[in-house]
Each structure stands twice: as C-alpha cells, then as structure tokens.
Amino acid sequence: MGVAAGDARAASMTAHGQPQPQPPVLSYLAFDFGLKRIGVASGNSLTRSATPLKTVAESGAQRFEAIASLIGQWQPDALVIGVPFHPDGASHENTGRAQRFARQLRGRFSLPVHEVDERYSTTMARAAGAKDLDAGAAAIILEQFLNNIECAQE
C-alpha cells in the first residue's frame, strides 16, 4: 500500500480509529420550469453528476400526472427546481411562476424541494450540444445544486 492510499484511509477514520460514517447517497430529480415545457434530469449525491431524462410537454393536470409518473419511477429523495432571475439578480414574472411550481411540487409529493438560480442554464445546455435543451438545462441546474452540496459537506 502506498503512502497516498494510507493517507486517504487515515483521512476517513475517526480519532479512535473507527471508519467515519459516510453521508447517505441521495437521489434527485431536477426540473427546468417553463410555461410550455419542463425539462427533467436525474442525479445523485454520490456521483454528483446529472443525466437529462426528458421534457414534459403536457399541460394542466396531465403535466402533474407526467411528473408523478417520473417521481414514481425514479423514487427521488428530493426535487430541485431551477428558478430564473435577470442577469443582475432581479426577479421577474417567471421567477414567481417557478417558485409557485416548487410549492406545488412540495405540496403534491411531500418531498423536499430545493430552489436553484438557473440563470444561463439553457445557454449552457445549448453550448454543450444538448439534444433536448430543456432536459439539458435541468441537468445543468442539478449539477449546480450537487456542486453546492459538495462545498457544504467539505
């Protein structure tokens, strides 16, 4: 065993030589909210990466049925919603709509809902060559969230 491996093992031990408890692996579904479409992505706290899933194009009750189906399929521990702001950080009418959507999800599905500033997520998805811009933007939103969790846990 090399020194680096020994150092890594020592870093994961408590002062009494016991392994430190690892944080649980949590799974997430993220949403890029739009009036006509909602991009959806999945990810988890272990890999800290996200995968675009699909875009929900249904409206009204069918929109929440489609989301309920995804939640049933993926069984996330929490949901992440992108909330749009102007470049200067000011809110606009879609900011409130996305926050309302977050409250609706929280009420309907009784899961924790995290809101993430989603400025430029669609632009970033386009630059990355996403085939489905809405789902790609949802993946970027989720990865931003997961990166912030990483910083908070360190």
Discussion item. I'd like the full set of residues that are under 21 Å from Gln62 (Cα atoms) and surrounded by 19 or more Cβ atoms within 10 Å (Cβ to Cβ), limited to the stretch 83-108.
Written reply: Ala98, Phe101, Ala102, Leu105
Item to complete: Search the stretch 109-138 for residues being of a type in the set (Gly, Ala, Ser) and in contact with a Ser or Thr (Cβ under 6 Å, 6 or more places away or on another chain), and hand back the single one that is surrounded by the fewest Cβ atoms within 10 Å (Cβ to Cβ).
Response: Ala135
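Rundown of residues vs (1) at pLDDT below 95; (2) farther than 19 Å from Thr123 by Cβ, yes/no style:
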{"position": "Gln18", "(1), (2)": "yes, yes"}
{"position": "Val25", "(1), (2)": "yes, yes"}
{"position": "Phe33", "(1), (2)": "no, no"}
{"position": "Ser49", "(1), (2)": "yes, yes"}
{"position": "Lys54", "(1), (2)": "no, yes"}
{"position": "Trp74", "(1), (2)": "no, yes"}
{"position": "Ala102", "(1), (2)": "no, yes"}
Worksheet entry | Whichever residue in the stretch 79-101 is among the hydrophobic types (A, V, I, L, M, F, W, C) and in contact (Cβ under 8 Å) with a residue 24 or more places away in the chain and, among such residues, is farthest from Ser27 (Cα to Cα) | Phe85
Worksheet item: List the pairs whose first member sits in the stretch 20-49 and is farther than 16 Å from Pro76 by Cα and aromatic (Phe, Trp, Tyr), whose second member is outside any loop (DSSP other than H, G, I, E, B) and open to solvent by 30 Å² or more (accessible area, probe 1.4 Å), and whose Cβ atoms are under 8 Å apart, counting only residues at least 6 apart or on separate chains?
Response: Phe33/Asn94; Phe33/Arg97
Worksheet item: Across the stretch 48-72, what is the number of residues that are hydroxyl-bearing (Ser, Thr, Tyr) and within 18 Å of Gly34 (Cα to Cα)?
Response: 2
Worksheet item: Could we say that Ser69 is under 19 Å from Tyr28 (Cα atoms) and hydroxyl-bearing (Ser, Thr, Tyr) here?
Response: yes
Worksheet item: (1) open to solvent by less than 20 Å² (accessible area, probe 1.4 Å); (2) touching a residue at least 24 places away in the same chain (Cβ under 8 Å): which one isn't true of Pro52, the others all being true?
Response: (1)
Worksheet entry | Listing of helices (runs of 4 or more DSSP H) fully contained in the stretch 59-154 that carry 3 or more residues being aliphatic (A, V, I, L, M) and over 16 Å from the mean Cα position of the chain (by Cα) | 60-74
Worksheet item: When the residues of the stretch 26-38 are filtered to those that are in contact with a strand residue (DSSP E or B) (Cβ under 6 Å, 6 or more places away or on another chain) and more than 14 Å from Val116 (Cα to Cα), which remaining residue is surrounded by the most Cβ atoms within 10 Å (Cβ to Cβ)?
Response: Ile38
Worksheet item: Restricting attention to the stretch 28-50, does a residue exist that is part of a strand (DSSP E or B) and among the acidic types (Asp, Glu)?
Response: yes
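The values are calculated or read from the model by the stated rules, or taken from the named source; none is laboratory data. Nothing here was measured: the structure is a model prediction, and the numbers come from that model. We place every Cβ from the backbone using ideal geometry, glycine too, and count neighbours over all the protein chains shown. Accessible surface areas use protein heavy atoms only, side chains included; no ligands, DNA or RNA. Shrake-Rupley method; radii C 1.70, N 1.55, O 1.52, S 1.80 Å.
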